[in-house]
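First, the structure itself, so that you have it in front of you.
Computed from the coordinates by the stated procedures, all read-outs in this text should not be read as laboratory data. In this text the structure is predicted, and so the values were computed from the model without any measurement. FYI the Cβ positions are ideal-geometry reconstructions off the backbone, even for glycines, and counts take in every protein chain you see.
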Amino acid sequence: MTIQQIMRAGVAAAILAGVAAPLTVQAQSALDRLKKRAEESAKGKVEERVNRKVDGAIDKALDGAENAITCLATDKACIEKAEKAGNAVVLTDAKGKEVSRRPASAKAADEAEGPSDAASTKLRVGEGAWANYDFIPGEVPLMFDDFSKDVVGDFPRRLEASEGNVELVMWKNERWLQSSGNNNNKFWVPAGKVLPARWTLEFELISDGGNECWIYPSGVAEGDYIRFSGNHDGGLTRADGRRVGTRSGDEALRGTPFTARVMVDGRYVKAYVNEQRVANVPNLDYTRGDKVLFYCDGTAEAPVLVRNIRLASGGRKLYDALEESGRVATQGIFFDVGSDRIRPESTPTLKEIGEMLNEHASLKLLIEGHTDNTGVAANNLALSQKRADAVRAHLIATYGVAAGRLSAKGMGQTVPKGANTTPEGRQQNRRVELVKQP
């Protein structure tokens, strides 16, 4: 038994009553330290970001037909050369018909609006570490909570409280779930039913110390568990304390957020810190239940914060689903907010689609883009068309799929798959669907 386990075992359980104690002065001080560290980590990048936005505006103004370079959608060398030169790119099929456009200086524009983590803003699909990234999120959300409907100072109503001091706080104008109860904080993420054989879990984590969160797939504090810490490291620990898998990590990253991911397929488990896989274990020891247990460190002086928790069920291979029903929804293709720029986290899903098309040469697909009902319907329809076009263009350019085998259609918010009144429903509605064509 580890020292940490012994300490935890000696702490008396304090059952939460649904409303946690007010945020202490010490905890607020710790949050201030987190904010300061995050601001320091971004120091020196502000001017660069401003310059990128200015450059992007200039490039957009110059993005006329006279500056565009025409490339075959399969000619990667031509595309890369044009983009490096800052030109807009018109992608065509073998007959010269335009299939897609890329704006001038796309990289600068992407970085101005892209996600916060450096790897995602600087790279495109399949580049760098993302080339070996293989996490595919489950397509049916079982639980998604961004705490937007909860009151700061309360325990989130859609989770289940267990022990310690766990409450919602505001940090940098965002809601986070704070664990600060003397390193003995537990809560459950309910699945609503017994977990399927294949499921995924995603959440963001931040801590100013090396404090950890332990994820128990069985829903009880026994058996194997996956661990993540504020040092941006992780792995799997056996019930007897043996640590399995690799550990990423850097103490210099304390106080900055990262995304933790878990993918379970039967007894096979993989875990990720951002794009890096930190555990790859084929014999997970757990019993499937109807909830997942979070067991987090955290004190008033050094709290642990988590947010955007997404638990989802997995599914069959894309081709099997297409053969049975003629269509399949994917939740693993991501775009920048309000943009058709495909984020690098989409690599595994796009790779599966591309390889499927190459393995089944007669397969033709309609790529549908879908949104939830947030925003203006007309704008959602236009954006969904651009995103469907972007996926089609990527598959043609990257995997050499003949343009005639793929078509694209934006559906906007017109065909919801779930209720737009719930977070899970809205997540399910933001999707790309593949429809088998004759």
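Extension gain Ser148-Glu127, at 0.36 nm per residue separation less the Cα-Cα distance, in nm?
Length difference between fully extended and current span is 4.2 nm.
What is the diffusion coefficient of segment 220-287 in µm²/s, taking the Kirkwood radius over Cα pairs and the Stokes-Einstein relation at 25 °C with a viscosity of 0.890 mPa s?
For these conditions, the coefficient is 201 µm²/s.
Quick check for segment 349-438: number of Lys pairs with alpha-carbon distance under 15 Å, counting only pairs 8 or more apart or on different chains?
So the count of such lysine pairs works out to 4.
I need the per residue convex hull volume for segment 326-438, using only the alpha carbons, in cubic angstrom as a whole number.
It is 97 Å³ per residue.
Taking neighbour Cβ counts within 10 Å as the exposure measure, how do Arg227, Arg238, Arg392 sort from fewest upward?
By the 10 Å Cβ count, ascending: Arg238, Arg227, Arg392.
For Lys193, Lys186, what's the fewest-to-most ordering of other Cβ within 10 Å of each Cβ?
Sorted ascending by nearby Cβ count, the order is Lys193, Lys186.
Using a 10 Å cut-off on Cβ atoms, rank the peptides 203-215, 276-288 from the highest mean neighbour count down.
With the highest mean Cβ count within 10 Å placed first, the list reads 203-215, 276-288.
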